[in-house]
Amino acid sequence: MKRNLKQIIAIATAAITAVGCVSDRNGRYDPVVDMTFDPVMHVKVRSSDIGTTDTETSEEPSVGVSVWQMPESKVWGSDTATPLLENSRLVHDGEVWRTESNDQWPSVQYTLTCIGFSPFDAASGCNEQNGVMFNGIDTRENQADLRYTVPQTGLTKHINGGTIILPLQHALCEIEFMVKGKAGYESVNVRILGITIDDIVAEGDFHSLPEPAWALDDETVAIPFFEGVVPIQNTPVNVGKPKRIIPQTIESSITVDYEFMSHAGTFIHQADTSEPVKRRFEAGHYYTITLEVSPDGVEVLPEIPSKEE
């Protein structure tokens, strides 16, 4: 009987020890989780802060990511990170975005840092030192909506079901023109034929780290913003489509090509240039420049600041 009791105690002790080993080994829940992404497109902010707008089409963006992994005790920016995905294109399967190789999260012992960018083919690269790079950009030829994210750090597979949110910000800004007639010339038929900013930088290189910044080309050029025929009214009307430009401070005149009807019923062609305009254009903002045009010439109307400004 005593011998049987000892055997029972030994078996029970072994069982408890075995359970303890299993518990230690699997103490942290570490499931296999697909790495998915959710690109979020931030809208542009109007320069007057009276609202927001976005001129995006319904076309699906092309998005890329670079991802690094670190032991959970380490901190991005202070410790060395190991590249996990380098300049990887994302694909949309109808519900979520994934990498083309459908990668999975590493062990729960690691956190991830992710930087996203769009369009995928526009980026020159994305690394730990410079972040997202858009090099050799010429907005005269390339009107792509360049976007990037700041580093999304300390990510774990247990947050958002393993989905990494990518809040994509604008690297460029946009300008649109509105035109109105001048008081006292309500009866004069005026038609806008062209609008050009005479001195503006069109080329540059962008990097998002350590801070988002553009390195501008030394040369300024004239950029036409509108060519066509638009009759103007007593209240401002949109002329042409918005254009993306590199954020910068300009000090430039604006040339307007237009025609007005004479008393004889024929159109008289005229081109006038405004006084130099100094204005700062910042990334992610949407600017409206309003012109007043008459046979007397062209005037750039001042912006009306919002209550917040």
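The values are calculated or read from the model by the stated rules, or taken from the named source; none is laboratory data. Just so we're clear, the structure is a prediction, and the values are computed from it rather than from any experiment. Every residue, glycine as well, gets a Cβ built from its backbone with ideal geometry; the counts of neighbours run over all protein chains shown. The protein model used for the area step is the full one, side chains on, heavy atoms only, and it has no ligands, DNA or RNA in it. Shrake-Rupley method; radii C 1.70, N 1.55, O 1.52, S 1.80 Å.
Over the stretch 175-290, calculate the relative contact order: mean separation of alpha carbon pairs under 8 Å at least 6 apart, over the residue count, as a percent.
Working: 251 pairs, mean separation 41.3, N = 116.
Value for the stretch 175-290: 36 percent.
Stretch Val237-Ser73 to full length: gain in nm at 0.36 nm per residue minus the Cα-Cα span? The partial results should precede the final answer.
Numbers: separation 164, 0.36 × 164 = 59.04 nm, distance 5.76 nm.
The span from Val237 to Ser73 would gain 53.3 nm if fully extended.
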**Gyration tensor verdict on the stretch 150-309 (Cα atoms; rounded if a/c is under 1.5, prolate if a/b is larger than b/c, oblate otherwise)** = prolate
**For Arg147, residues with placed amide H under 5 Å, excluding near neighbours** = Ser118, Ala171
**Message:** Using the Cα atoms of the stretch 243-309, I'd like the radius of gyration and the largest Cα-Cα distance, Dmax, both in angstrom.
**Reply:** 15.4, 49
**Prompt:** Taking the convex hull of the alpha carbon atoms in the stretch 110-166, what volume per residue do you get, in Å³?
**Reply:** 85
**Message:** Under 5 Å between amide hydrogens, which residues at least 5 positions from Val221 or on another chain qualify, with H placed 1.01 Å from N in the peptide plane?
**Reply:** Ile200, Val201, Ala202
**Fully extended contour minus Cα-Cα distance, from Val40 to Met178, at 0.36 nm per residue** = 46.7 nm
**Item:** ³J(HN,Hα) computed for each position of the stretch 226-232 - Karplus, 6.51 cos²θ - 1.76 cosθ + 1.60, integer Hz, glycine/proline x
**Value:** 7, 9, x, 9, 9, x, 9
**Request:** Positive end of the charge dipole of the stretch 190-296 (Lys, Arg +1 and Asp, Glu -1 on Cβ, about the Cα centre): tell me which of Thr290, Ile232, Ala271 has its Cα farthest that way.
**Result:** Ile232
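With a sphere of radius 14 Å drawn around the Cβ of Gly184, what net charge do the other residues whose Cβ falls strictly inside it have (Lys, Arg +1; Asp, Glu -1)?
Values: positive: Lys180, Lys182; negative: Glu186, Glu292, Asp296, Glu299.
Spelling it out: positives minus negatives among the neighbours equals -2.
Of the trypsin sites (Lys or Arg not before Pro) in the stretch 230-309, which ones lie in a loop per DSSP and count no more than 16 other C-beta atoms within 10 Å? Display every interim value, and only then the final one.
Details: sites: Lys243, Arg244, Lys278, Arg279, Arg280, Lys307; in loops: Lys307.
Here the sparse-neighbourhood loop sites are Lys307.
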**Asked** What's the lysine pair count for the stretch 105-257 at a Cα cut-off below 26 Å, pairs eight or more apart or interchain?
**Response** 4
**Prompt:** Given the C-alpha centroids of the stretch 203-279 and the stretch 179-201, what is the distance between them in whole angstrom?
**Reply:** 11
**Message:** So with the 1.4 Å probe, I'd like the accessible area per residue for the stretch 228-309, rounded to whole Å².
**Reply:** 56
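What Kirkwood Rh does the stretch 83-198 have if only Cα atoms enter the pairwise 1/r average? Answer in Å. Let's see the in-between values first.
Working: mean 1/r = 0.0555 Å⁻¹.
Kirkwood radius, the stretch 83-198: 18.0 Å.
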